[in-house]
Each structure stands twice: as structure tokens, then as C-alpha cells.
Amino acid sequence: MELSTTREDHLIAWLTALAVAIHLIEAALPSPLPGVKPGLANVITIVVLMRFGWRTAAWVSLLRVLVSGLLLGTFLSPTFALSLGGALCSVAILWLALQLGRGGFGPVGYSVLAALAHMTGQFGIAYTLFIPHPGLLHLLPVLLTLALLFGTTSGILARSMLKGFDNA
Amino acid sequence: MPRYLHYFAVLVVAFLISACSRPQPGVQEQQFVAFGTLISVTLYAVDEQQAQRAFQELEAYFNQLHHDWHAWEPSPLVELNQALATQGAAEVPAVILPLITPAQRLSIASGGLFNPAMGGLFALWGFQSDDPPRTPPADAEINSLLAQHPSMADLQLNGTTLRTTNPAVKLDFGAFAKGYAAQLGCKRLQQLGIDNAIVAVAGDIHVIGNRGERAWRVGVRHPRTPGIIASTELHDGESISTSGDYERYFDVDNIRYHHLLDPRTGYPARGAISVTVINNDGATADASASALFIAGVEHWAEVAKAMGVDQVMLIDIEGEAHLTPAMAARLRIEGDPAPELYIQELP
Amino acid sequence: MRDWLTKADMLLLLFVTGLVVWLYVAIWGADTAALEVEIWSRGERVQTLPLAEDRLLSVAGVLGDSHIEIKHAEARFVDSPCSNKLCVLHGALRHAGETTACLPNQVSLRILGRDPRYDAINF
């Protein structure tokens, strides 16, 4: 038996691979604050969301976390839990934004929402599961500020990529 | 523009969610002086009127306990001691009766390090008096008292009659009364229909219930520098007690004479600077904190085992912390600089 | 501009920036601005003062006046008519829930805050 694959399946595979590559490169880079990464893989999620819709974006996002976890050897470790929690939160907020936004948001809007949700989700998991110290709460606004900046940047990058597809 | 109404709705919902998660007050606090120390009581989820009634009730209750158990001012305990010294036997007043058996059990388990029969020694040093001492008592006085070996094993309780074979026995429950009282205070609050409270009688704290969505948080004072050395969360029915050489002391020629007296030498114990114990029984926590302080860094683990306590932190004279695994698992070290930590299994 | 950001994006950015600023105020501001020092004497609450305002004050106790200093968002005993001066040695209080007392004079200080770091101090 042969599994029939569509053109879209191939595209999803390629985009997931690209997202995983970005994820791995970021994981290798040193970070001033533990857990703080620019989240450039978010660019891919947003591009897929705008092009192929939420279902595909959710697949790419979750596959990215799973595959990166397996490749980095962090599968089912705390790092993986943080990654997965963040991804689930951002996928959920994107669904909500699509439902309530009725297509009013552009790539930057989706990207900012996804980045903030990702950070909040990670923070929530870190706080409840690993270090429930009230002092940690002081980091939250700082982390969200960074998420806001990175989210905007990723959104602009995603828009450029989409533009590139249109021109190609 | 109906589309933007939707964004607006999202924003409002988001704002409401964040606003609701702000902590609600619902906390009532009171401080008062009793037992010769500062007592602080915090209640959660109680209306103000009920809280005020409870505070008044509790203050009166603690003053009553303080009077009943007072070891040198005219009190039921002083009368009991006089009767024991002169007749060798006495009827125990109802307010003192519940103290005798636990005091005896804890004293024997501690190998006599917690020794409430040594009231004579405590009186000699006079740390508990309103006019604190400035010099140690004479060696001869201490030695003649130690030679008589007053011990809780000299006492036999039969119904409500207490007999002693040793006229030197003089009861003083100072080393565990505060821990016991903190727990009794919580019991009294429960009778008043209050289920969430923390009662702190200086170094002895007992909690019931919680503080809303979180547990009660307690900081342990650093024995040397200002501030906190560690903190932990206490759950329903738990007690924490700390005994330290900084509570009552005087210095002579750079030697610190503090109130934690070693019943074997008659002098302040030298093996530690503070001991913290968590246990479900307030009297046990308080008595064992004193006894383990006296046991010192060499022998505390054996005495802890014998007294049935497994959550202990001892700070030795170098400022290093020795913890049982159960204590290490729940304590958050906050001291700055952080002390060296040694985890020690009980034998 | 219109090409890069939709109207909804702009509204969202504005709102999210506002939310983050509010979070800074709510979480960081609570530490100093919202903290207060409660002063008790002889079992009565005598004064509640903001920790952010520097001042020196005397509070009458059983033996006489205790002198208390509030400075740089910290409160401490500078002098008290007791013999061992444990209250002065205890040093400055700055976190919600911290407490210290001059027992002989029956004067105590406690830092109040919305979510105290400690509900009680084991001393």
C-alpha cells in the first residue's frame, strides 16, 4: 500500500522542517535569561496560518515542538513541557483571534498574540510546576515586554515572507 | 463597524480576567503582649466583627494561660511546686494537668535535655524575669542544684495526684508552653467557628486552614544578621518552633550567656545558635527545638529520632545549616549570604 | 503603514502595550508604593504610615518613647528604652509581613502589603 500525499502535505513537511531548523538554531544560541528566546519559529506558524489556515498552523506548531524535543533529547523533560505549553497556548489564542477577529488581524497582530500567549503559557507552567515563588512574578512584565518586541519582529518577518510568496 | 465591537469584547474579557485574579484582602490581624512576648494572630475569611470578638477572647485566654502556668509569680503552678517541695505530693490543678504527661514523655524521650523539672536552675539564671540578668549565677549554687538531679522521672502521676521522690523538682514549663499555647489558641479559634488562622507566640507558630488559595507562609529569622534565613509554607494543623541564642541573653567579656541552659552543666548550651522544628504537635515542636539546641551539632540527630521529629534545621556556631531530608524538601533558604547546607539522615 | 498593520493590529498593539505597562505598575509598584508600616503599642494599633515617605517618629510605650525611622522604604528601631536593644539590633524591615518588636516597651512594627511575603515570622 502506498500513502498518497498531496502537494499540501509536502509543503507542511517542508515548513515544519524549516521551523524545526530555526528552533534548533535558537536552542544552540546562548540566552541572557533562561527560557527567553526570540521565537523565530513563530514566523513559520504565522505564515502557515495566513496561507493554509489554523488547522495546518496548529499541526506545524505542535509537530515542530515534538520533533525538536526528540532531536534535542529533551522529549518529556521540563524544557519540553515548557515548549509544549507555550505552543498549545499560542495555537489556542490564534484560534480565538480567528473566531473573534473575523479576519481583521494581519500577520503582526497574530504574531504578537501568539508570542504573548506562548510566553504566558510557559510562565504559567514554570510557576505552577517548577518554582511557585511569588518573586518570580516580578519577571512576568519583563518577559511580556520581550515577547511583545519579538512578536512584532516575527510578524514583520512573516509579512515579508508572505509578500515574497506573492511575488514569486 | 460591528467588527471592532468584537475586539472590544475580547479586550474587556481579558481585562476582567486579569482584574479578578488580584488577591482579595479578607485578612484580619491583631498583635498583643502576653506570655512576656509578642503574640500575633492573623485570620482569613472572617468578618471584622467576628474577628474582633475572637481577638479579645484569645488575648484573655492567653493571659489566663500565662497566669496559670507562671513559674514564679503567685499562680497555680507556684502553689503546686510549693506543695511538692514540702509534702512530696499534691493535687494537680485542672489547668496544669494536661501539661504533666506530655512534659514527662518528651523529657524522657529527650534523655533529659528538655527538663521542665529544672525550674530551680531557670530561676537561678533569671532569664524570664522582667529585669533581665547581667551576670551568671555563682558556680556553687549551680553545682548544688545539679547534684540533686531533679528530673521528670522523679514524678508519678496517679489520677490527679502528683508525687515526687525528689524535693529538688520544681516544674517550669517555659521551654514548651509557648508552642503548646499557640496550638491551644488555634483550638480556641476553631471553637469560635474560625477555620483559617495563624497564631504566632514569638518563636512558636501554629496554623489551621490556609490563607485563601495559598498556604500560610512563615519566615524563620536569621540568628545573626537582620532578616530571614529560610521560609516555608505551613499546612493545616502544623506547628513550627525556633529556639535561638539571640532571644534572651547577656554578654560578659564577649561571652554570650543565653537562656537555653544545658541541664547537664547548668550553663548555656554551646553546640548551636538556632534550631527550627516543624511538627504536627506544638508542644513537641517547642520542646524538641530546645532539646536539639542543647544536644548541639554532634548529637541532634539521635535526639530528634528519639523525640519522633523528622523536620529539623540546626544552625551551628559557624552559621552552617544542618537539615533533615524532610526539612530540606520543604524549606526555601533565603539567607544572604546563603548558609552552607548539610543534609543529614536521622539514624 | 496600512500595508503593514491593519486597524485591528494597531488597536491590539496599543492595548497590549497598555496591559504590559499596567502589569509593571501592579506587580512592581506593589513592592514599595503600596507598602505601609503598622505601629503597635501596648496592644493597640497606633499608626499606619506609608513606607515610601521618610520620617522619624517617637512612639510612647510602657517604659518610655521608642524611636522609629522610616527611610529608603525601610523601617527600623533607632532607639528604645529597653536594656538589651534587641529591637535595634534586629535591623531594618522592608518586605511585607516582616515584623519586629521592642518587647519590654511593648512597641512593635509590621510591614503591610497586599500579598505579604510572610504571614508570620518565627523568631
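Counting only cysteine Cβ atoms and a cutoff under 4.7 Å, chain C contains unmatched residues C:Cys82.
Secondary-structure-derived ellipticity at 222 nm for chain B, considering helices only, amounts to -12500 deg cm²/dmol, per-run term -39500 (n - 2.57) for DSSP H runs with n ≥ 4.
Between the helical axis of B:282-307 and the dominant principal axis of chain B, each derived from Cα atoms, what acute angle in degrees is found, rounded to the nearest 10? For helix B:282-307, the angle is close to 70 degrees. Across C:Leu13, C:Leu49, C:Leu89, mean-square fluctuation computed from a Gaussian network of chain C (C-alpha pairs under 10 Å connected) peaks at C:Leu13.
Relative contact order (percent) for chain A, with alpha-carbon contacts under 8 angstrom and 6 or more residues of separation?
24
From the helices alone, meaning DSSP H stretches of at least four residues, give me the mean residue ellipticity at 222 nm for chain C, per-run term -39500 (n - 2.57), in deg cm²/dmol to the nearest 500. Computed ellipticity for chain C at 222 nm equals -8000 deg cm²/dmol. Take each residue in A:113-119, count the other chain C-beta atoms within 10 Å of its C-beta, and the mean is 1. For the stretch B:188-283, the relative contact order is 23 percent, taking Cα pairs closer than 8 Å that sit 6 or more residues apart in sequence and dividing their mean separation by the residue count. Using θ = phi - 60° in the Karplus curve 6.51 cos²θ - 1.76 cosθ + 1.60, the 3J(HN,Hα) couplings for the stretch B:74-90 round to x, 7, x, 5, 4, 4, 4, 4, 4, 5, 4, 5, 8, 10, x, 7, 6 Hz; x is entered for Gly and Pro.
Pairs of Cα atoms nearer than 8 Å and 6+ residues apart set the relative contact order; for chain B it is 15 percent.
For chain C, the longest principal axis of the alpha carbon atoms and the long axis of helix C:7-32 meet at an angle near 10°. In summary, the helical segments of chain A meeting the span-like criteria, namely a full DSSP H run, a Cα extent along the axis of 30 angstrom or more and a mean Kyte-Doolittle hydropathy of at least -1.0, are A:7-28, A:78-101, A:139-167.
Near B:Ala328, once Lys and Arg are set to +1 and Asp and Glu to -1 for all other residues with Cβ below 15 Å from its Cβ, the sum equals -4.
Taking B:Ser129, B:Ser231, B:Ser241 in turn, the Gaussian network model of chain B (Cα-Cα springs below 10 Å) assigns the largest fluctuation to B:Ser129. Within the protein assembly as shown, antiparallel bridges make up roughly 90 percent of the DSSP beta bridges whose residues both belong there. Sparse packing (at most 16 other Cβ atoms within 10 Å of the Cβ) combined with a DSSP loop state is found for the following GluC sites (Glu not before Pro) in the stretch A:1-110: A:Glu2.
Read the figures in this text as sums done on the coordinates, not as results from a lab. Everything quoted here is computed from the prediction, not taken from an experiment. We place every Cβ from the backbone using ideal geometry, glycine too, and count neighbours over all the protein chains shown.
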